1. Return yes when B:A223 is of a type in the set (G, A, S), open to solvent by 10 Å² or more (accessible area, probe 1.4 Å), over 22 Å from B:K172 (Cα atoms) and under 18 Å from the mean Cα position of the chain (by Cα) and no when it is not.
2. Of everything in the range B:53-78 that's among the hydrophobic types (A, V, I, L, M, F, W, C) and under 17 Å from the mean Cα position of the chain (by Cα), which residue is surrounded by the most Cβ atoms within 10 Å (Cβ to Cβ)?
3. Going by the conditions given, is B:V249 at pLDDT 95 or above, within 25 Å of B:T13 (Cβ to Cβ) and buried (at least 24 other Cβ atoms within 10 Å of the Cβ)?
4. So which residues in the range A:183-200 are in a loop (DSSP other than H, G, I, E, B) and open to solvent by 10 Å² or more (accessible area, probe 1.4 Å)?
5. Give all pairs with beta carbons closer than 9 Å in which a residue from the range B:19-48 that is closer than 15 Å to B:G154 by Cβ meets a residue that is acidic (D, E); count only pairs at least 6 apart in sequence or on separate chains.
6. Looking at the range B:123-131, can you tell me whether even one residue there is touching a His at 6+ places or on another chain (Cβ under 7 Å), at the interface with another protein chain (Cβ under 10 Å from one of its Cβ atoms) and not in a helix (DSSP H, G or I)?
7. Scan the range A:130-151 residue by residue and report those that are touching a residue at least 40 places away in the same chain (Cβ under 8 Å) and over 11 Å from A:W230 (Cβ atoms).
8. Restricting attention to the range A:186-200, which residues are within 7 Å of A:P220 (Cβ to Cβ) and touching a helix residue (DSSP H, G or I) at 6+ places or on another chain (Cβ under 6 Å)?
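The values are calculated or read from the model by the stated rules, or taken from the named source; none is laboratory data. On a predicted model such as this, the values are computed, not experimentally measured, just so you know. Using ideal geometry, Cβ is built from the backbone for each residue, glycine included, and neighbour counts are taken over all protein chains shown. What goes into the accessible areas is simple: the full protein's heavy atoms, side chains included, and nothing from ligands, DNA or RNA. Shrake-Rupley method; radii C 1.70, N 1.55, O 1.52, S 1.80 Å.
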Amino acid sequence: MKAATRETFGKTLLELGHAHSDIVVLDADLAKSTKSELFGNTFPDRFFECGIAEGNMIGIAAGLALAGKRPFACSFGCFLIGRFEQIRMSVSYNQAPVVLVGTHAGVTIGEDGHSQMALEDIGLMRNLPDMHVLQPTDAIDTPQIVSYLVEHRVPAYLRLTRQKMAPILPDTYTFSLSEGALLPQTPPPAEAQLLMLVSGGPAEAAMLAAQHLSADASIPTTCAVMNTLWPLPQTWLDSVITSNIQGIITVEDHYTTGGLGSIIAEHTSLPVQKIGIETYGQSGTESELIHHYGLDTQSIIEKSLAFHKGLNLSQL
Amino acid sequence: MDSKELSPTQLATLSDTLVDMRKVILKMIAEAKSGHPGGSLSAIDIIATLFLHRMKYTPEHYASLSEDVFVLSKGHGVPALYVVLQKVGLISDSLDLMSLRKLGSPLQGHPDRVRLPEVVASTGSLGQGLSMAVGIALAKKLNNDPHHVFVLSGDGELQEGQVWEALMFASKLKLTNLTVYIDRNQGQIDGPTETVMPLEPLDKKFEAFGWETHTIDGHNLEAIHKTAHLTSTQGPLCIIADTVKGHSVSFMEHKIKWHGVAPNDEELEQALNEIESKRNRERSV
């Protein structure tokens, strides 16, 4: 069943709240939207409504973390990274194990428009030493990632969607911080020409595009999700960029600078086709925006075909 | 347990210790050839009195934040904190205070808790210390930990909006285990606070935000000591400490220039002599 990763996050945190009394949750007047209210309704003594004051919320979360608590500080991703100075000093430089939960990431928040869209958050957060940047895929990896963050006292940014996500990871999937995951019905890397790496919102669209390229366009394309964006899962990445891979396509609901596309382009000498957002967002329905910004399956297929054609021409 | 008044002997010893501390602060900054003498000298009386005569802690546990806690929000005043931490045994005597601001030293130009956990919080980007202290005080409430959290904030940094967000929050949560001292030395880099961005009426602003507020002479050790022992059942406490930037050195006092400049050899010698002569004067009174 489709579920927004914010929804799965909220349910998981509530469940974990029973066994982990060190979890405290903070929100800045968006508890209904971030789903932190699910925890707050059951554990009111460990839930702190900070009002529309995200900088202070982040500072308080840092203090709670330094004093031994495991705080989750929640807001829209855009409003969290707008307080980058508090994140860089109070959380990062202190190495305070705060989980910053940024929801409604990317253009898929829809009608609210650009001001509510986090599109540069991955780029900012991964510039902070020791910051863990995680973006779950569906209702299968989200609970495991939230659980990981409860059990490991690291500063982290958890990027979540309002967009409902289809379950695409196998039921047997087990999260590992140092590995991404290959998606079903696409060829293994050793048999592929292209590698398609995706994170977050467009995961299903990318998988469907890779399946189409492999089956119908005779371009075997492996598709994998990267739910750990930082620290870079380098060994795993090297293992999927096999010698037969000619080029890499990255797909993300984030600016193509700073995010997954940049991360991969920094890591490899292979040609990289970055698919993502390249300008301001705007109002529209979720599906209109996905199509407008080229994150739907058909758009991904078209860009991939053009990229593949370019690769072959350059080899002539 | 400390009584709520300093005995004449305690007061004399503390005054004497503060003469030594002021001299070390200036030597450290001179040796580093950079730093913030003005705000270190305005803050030292408050920091020393809190650590020597109010706070309860042990060297083994202080950095775990399970005891009384002090957060220096005005991170640039950190030479004063380093001197006090060493005096009370929270940092080792073997740590050379003259390594201030030198490559690899735990004594960074602004507090760094990863390199020196006893500073509690990394600060230096102004306006953030109070929020962190609020978080620590909140954790203590959740843990039923009866210890107290002290914060020393600059006056200039009150211009940061985040401070007022934290004031609202601490008041809402009735954090009776939190006391903030304001080092009200009236100066900031670009000029007097009341010219750069007026703060007054400061006491009324804190009161309006739900804080019990007292104003004292921030160099009166008895007044610092007395307010440090105040508790409120209503909420957090604010002590506005009227201080003198560059206190005890005539050519530094009230001079914005000495916010962030190190004394040269001659200036250092003159400053040390002036501070020392104050000790002699105090003794002869």
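1. yes
2. Selected residue: B:V71.
3. yes
4. Within the range A:183-200, A:P184, A:Q185, A:T186, A:P187, A:P188, A:Q193 qualify.
5. B:G38/B:E253; B:G39/B:D183; B:L41/B:E253; B:S42/B:D183; B:A43/B:D183; B:I46/B:D183
6. yes
7. Residues satisfying the conditions are A:P136, A:T137, A:D138, A:A139, A:D141, A:T142, A:P143, A:I145, A:V146, A:S147, A:L149, A:V150.
8. Correct list: A:P187 only.
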